[in-house]
1. Mind checking which residues of the stretch 96-112 are open to solvent by 70 Å² or more (accessible area, probe 1.4 Å) and closer than 14 Å to G13 by Cα?
2. Take the conditions farther than 24 Å from V18 by Cβ and β-branched (V, I, T) and apply them to T77. Does it pass?
3. State yes or no: is I88 assigned to a helix (DSSP H, G or I), closer than 30 Å to A139 by Cα and touching a residue at least 40 places away in the same chain (Cβ under 8 Å)?
4. Could you figure out which of (1) farther than 21 Å from L78 by Cβ; (2) surrounded by 10 or more Cβ atoms within 10 Å (Cβ to Cβ) isn't true of M16?
5. Looking only at the stretch 42-50, decide whether some residue is closer than 24 Å to L107 by Cβ and of a type in the set (S, T, N, Q).
6. L89 fails exactly one of the following numbered conditions: (1) in contact with a Phe, Trp or Tyr (Cβ under 9 Å, 6 or more places away or on another chain); (2) at pLDDT below 95; (3) farther than 20 Å from L10 by Cβ. What is the number of that condition?
7. Do we find that A36 is in contact with a helix residue (DSSP H, G or I) (Cβ under 8 Å, 6 or more places away or on another chain) and not hydroxyl-bearing (S, T, Y) in this structure?
8. Restricting attention to the stretch 47-60, report how many residues are over 18 Å from G75 (Cβ atoms) and in a helix (DSSP H, G or I).
Amino acid sequence: MRPLIMLTALLAGALMPVQAGVNARLRGFLGDPLLASLVSFVVGTVALAIVILATRTPWPTLAMAQAAPWWTWLGGTLGAFFVAVTVILAFKLGATGLMAWIIAGQLIGSVLLDHTGAIGFAVREISWQRMAGVALLMAGAMLVNEY
């Protein structure tokens, strides 16, 4: 099962530059990065609604929704920020440059989340090996953008 999970994550990562490019092209047709981001989210929302209806996933109760901490509702806002930034920067940085900086940022954020155990992640303390990995990825992002 673990290899399938890792392949699914790999596929999701491989599709990120495709998503950025598609949304950036949509921006060209619609004339505005925020409008292109909104359209992307509307289409995604419709797609998820179809999957939920097709799989007969039960809707949460009001009590379930009220039990969630306030900050758990910010995921969509973070996603909107991510999509808008990729729409704006995709053709400025290129697919490789954009993804290099996004992945570097994801790794830095992930190391900090793991180290602190924030938002429910298991604590995995920062080690010199993890820091070396982050440093190498940052160096790679700089090289990708320079050359």
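1. Narrowing the stretch 96-112 to residues open to solvent by 70 Å² or more (accessible area, probe 1.4 Å): 96, 101, 103, 106, 112.
T96, W101, I103, Q106 - these are the residues of the stretch 96-112 that are open to solvent by 70 Å² or more (accessible area, probe 1.4 Å) and closer than 14 Å to G13 by Cα.
2. Working: farther than 24 Å from V18 by Cβ: no; β-branched (V, I, T): yes.
No: the conditions fail for T77.
3. Numbers: assigned to a helix (DSSP H, G or I): yes; closer than 30 Å to A139 by Cα: yes; touching a residue at least 40 places away in the same chain (Cβ under 8 Å): yes.
So I88 passes the test.
4. Only one criterion is unmet by M16, namely (1).
5. In the first step, residues of the stretch 42-50 are kept if they are closer than 24 Å to L107 by Cβ; the result is none.
Within the stretch 42-50, none of the residues are closer than 24 Å to L107 by Cβ and of a type in the set (S, T, N, Q).
6. For L89, the failing item is (2).
7. Working: in contact with a helix residue (DSSP H, G or I) (Cβ under 8 Å, 6 or more places away or on another chain): yes; not hydroxyl-bearing (S, T, Y): yes.
Taking the combined requirement at face value, the residue satisfies it.
8. First, pick out the residues of the stretch 47-60 that are over 18 Å from G75 (Cβ atoms): 50, 53-56, 58.
Right, trim to in a helix (DSSP H, G or I) and you get 50, 53-55.
Going through the stretch 47-60 one residue at a time, the tally reaches 4.
The values are calculated or read from the model by the stated rules, or taken from the named source; none is laboratory data. Just so you know, these numbers come straight off a predicted model, no measurement behind them. When we count neighbours, we look across all protein chains shown, and the Cβ atoms used for this are built from the backbone with ideal geometry, even at glycine. Accessible surface areas use protein heavy atoms only, side chains included; no ligands, DNA or RNA. Shrake-Rupley method; radii C 1.70, N 1.55, O 1.52, S 1.80 Å.
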